[in-house]
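Worksheet: one structure, shown below.
The values are calculated or read from the model by the stated rules, or taken from the named source; none is laboratory data. Please read these numbers as outputs of a predicted model, since none were measured by experiment. Please note: Cβ atoms are built from the backbone with ideal geometry, for glycine as well, and neighbour counts cover all protein chains shown. We work out accessible area using only protein heavy atoms, side chains counted, and drop any ligands, DNA or RNA first. Shrake-Rupley method; radii C 1.70, N 1.55, O 1.52, S 1.80 Å.
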Amino acid sequence: MRLMRENPSLLIGGSIIATVVAFAVFSPWLSPYDVETMNMTNRFAWPSAAHWLGTDNFGRDLWTRMAEGARVSVLIAVSSVAIAVFVGTIVGLVTGYFGGWIDLLVMRVVDVFLGFPPIILALAIIAALGPGAQNLVLSLAAVFWTEYARVVRAVTLAQREVDYVAAARAIGSSHARILIVEILPNVIGPVIVLATLGLGTAIIAESGLSFLGFGVEPPTPTWGWTLSFGTRYLRTEPWLSIVAGLAIMITVLGFNLFGDGLRDYLDPRGVARKVKRDVS
Amino acid sequence: MSPPVYPAGSLVAKPRLRSNTMLAYTARRLALFVPMIAGIVIVTFGIMLLLPGDPAIVLLGEDASPEALVEIRTALGLDRPWYVRLAAYFAGLIQGDMGRSIFQNQPVADAIGARVGATLELALLALAIAIVLGITLGVAAALWRGTLVDTAAMLFAQLGVSMPVFWLGILMMLLFAVKLGWLPSIGRGEPLVEALGAAATGRFGPLLGAISHLAMPALTLGLNSAAVISRLVRSTMLETLSQDFIRTAHAKGLQVTRVILVHGLRNALLPIVSVIGLRFGALLGGAVLTENIFGWPGLGQLAVAAISQRDIPLVQGIVLSFALMFATVNLIVDLLYTVIDPRIRLE
């Protein structure tokens, strides 16, 4: 109750995320339906006790398919953000700590990556590599890593001059030890905030690319593809697109609220916010 | 660089010095633009190198005839090393040659030239909507902080930030085209500039057509950025309004609205302007989605067709065009910075 008053964003966002993840993970056991089983006599059914979200154009249970979509979206978002965090953190630590020509060179590369509109860069990479889950993750990570590199570099630059880092250097700690033991802990807070907000962005980007047909390929019922597919029946049966879009929005809202709430605890000075870019 | 020191009482020297530093900043910013563009061209060129396996087979498919494969290898210069091709790519671009589309029998530059206007029109109008709506909502929320206005504006912003642009577009289409039948669901009217020209001569039909087609796509594309901007405006306004010079302005007995709009907003404008530059990148990405929902005949529609066919030269041209538009808007924004910010930053 105290948390509700002090930081409602954190609580509401966290609850939404927990629900979506539970929905994705436990659905195969909870739902009596199979993702692919069709029932042509029961197409576009309205929500009922038997089908909580109704059925799609082939009479498949929409609840089950949305859960499968949740699993795909969350997995792809988490994988791409994880790769981006890993690469970005290493790049940021090294450039911020050592400075010099490495810093200069790598930061110009970062600038060039930032010179592309985010979705456009992802589309370009998919154009070359082809669609599919793995390429989708790679292309999103290629868009996202620059944010983490910049944040981590900024924090590292500031930490390099702090007394206890100088002290560690004076007692002969190795560079690796200083980076991991002294500097990395300061980086974690802003990175977690940024990554939480980044998961929301990744889900929007992933479903946008799936919407265009460049995401995980059908028959996987991604949210973006279901939404796009639903537009074929927009005049008569708009339900399909509405549900899929709602699923995306609620999930993204969850990550955004949770990230906003986390910031108060982990990144009070707002390092993450200054560098955060929105994709869509 | 240390801040310039003005000798006491030298009222004349100050403005001159300032225009000099402005000039220096502008020159430096323009000088940075060139290597930036070069970097963008190199990455764009690199798309071709990412192709897995034999590019000629990837592009034309497994069952392409040997003659066709030879032809495309020569056309794309695949038989030459990559650095020779990169140099040739640069040389071509300088002459306005972006190569030839593989599947649309025309030069890439022509295919892009025919569509870039539609995308710019859409993106710039969406940007205008985002700025006007975002600043209005943000200022209102800051002015009436803690009231229903604030809550409503920030609820809109939170939803707007979380709402995927393609879903918003479909909801709008459902409401305004399918249910109400007020607006056409797809296509573009006459180009806005031409329609405005016609309106100037007293023919308002084209303008009406242009606007009715533009309304939904532009609003769809702009709303998300409006939400982002309104949140930023609110927080910077609140920060600015708590500062000493605002108290002074109030103490001087100035009208409250004047203090807020002239003193407050003007000083809150800097972060807003810089975020607008970044938003344009998101807008261009969103344009790809928006164009494909509303059948808007711009670069985004062309991009999806090109990617589906793996028409890499065309994809490269489109990606490059998007990046150039983004870079140009950011350049303009950075230069605007020097006009708005009285304290110029020179690092």
note = When every residue in the stretch B:156-182 that is among the aromatic types (Phe, Trp, Tyr) and within 14 Å of another protein chain (Cβ to nearest Cβ) is compared, the one surrounded by the most Cβ atoms within 10 Å (Cβ to Cβ) is B:PHE166
request  = Could you list all residues from the stretch B:282-341 that are at the interface with chain A (Cβ under 9 Å from one of its Cβ atoms) and of a type in the set (Ser, Thr, Tyr)?
outcome  = B:SER308
request  = Please tell me if B:ASP110 is outside any helix (DSSP H, G or I) and among the charged types (D, E, K, R).
outcome  = no
inquiry  = For the structure I just gave you, tell me whether A:GLY245 is in contact (Cβ under 8 Å) with a residue 60 or more places away in the chain and either part of a loop (DSSP other than H, G, I, E, B) or open to solvent by less than 20 Å² (accessible area, probe 1.4 Å) (or both).
reply    = no
task = Quick one: which residue in B:ARG310, B:ARG279, B:ARG231, B:ARG247 is without any contact (Cβ under 8 Å) to a residue 24 or more places away in the chain and not small (Gly, Ala, Ser)?
result = B:ARG247
ask   = of a type outside the set (Phe, Trp, Tyr), surrounded by fewer than 17 Cβ atoms within 10 Å (Cβ to Cβ) and touching a residue at least 40 places away in the same chain (Cβ under 8 Å), is that true of B:LEU261?
value = yes
task = Select from the stretch A:215-229 the residues that are within 8 Å of chain B (Cβ to nearest Cβ) and open to solvent by less than 10 Å² (accessible area, probe 1.4 Å) and list them in ascending order.
result = A:GLY224, A:LEU227
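Determine whether B:LEU86 is at pLDDT 85 or above, closer than 30 Å to A:LEU121 by Cβ and more than 13 Å from chain A (Cβ to nearest Cβ).
Yes: the conditions hold for B:LEU86.
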request  = Quick one: which helices (runs of 4 or more DSSP H) lie wholly within the stretch B:263-347 and hold at least 1 residues that are in contact with a strand residue (DSSP E or B) (Cβ under 9 Å, 6 or more places away or on another chain) and at negative phi?
outcome  = B:312-340
inquiry  = Please verify whether A:THR95 is at negative phi, open to solvent by less than 40 Å² (accessible area, probe 1.4 Å) and in contact with a Lys or Arg (Cβ under 7 Å, 6 or more places away or on another chain), treating the condition exactly as stated.
reply    = yes
task = From B:SER185, B:SER225, grab the single residue that is outside any helix (DSSP H, G or I), within 13 Å of chain A (Cβ to nearest Cβ) and either open to solvent by less than 40 Å² (accessible area, probe 1.4 Å) or at pLDDT below 80 (or both).
result = B:SER185
inquiry  = For the stretch A:162-169, check the following and say yes or no: at least one residue is outside any helix (DSSP H, G or I) and open to solvent by less than 60 Å² (accessible area, probe 1.4 Å).
reply    = yes
request  = Collect the residues in the stretch A:53-82 that are surrounded by 24 or more Cβ atoms within 10 Å (Cβ to Cβ) and among the acidic types (Asp, Glu), keeping them in residue-number order.
outcome  = A:ASP56, A:ASP61
inquiry  = For the list (1) in contact (Cβ under 8 Å) with a residue 24 or more places away in the chain; (2) open to solvent by less than 60 Å² (accessible area, probe 1.4 Å); (3) of a type outside the set (Ser, Thr, Tyr), I need the number of the one condition that B:GLY197 fails.
reply    = (1)
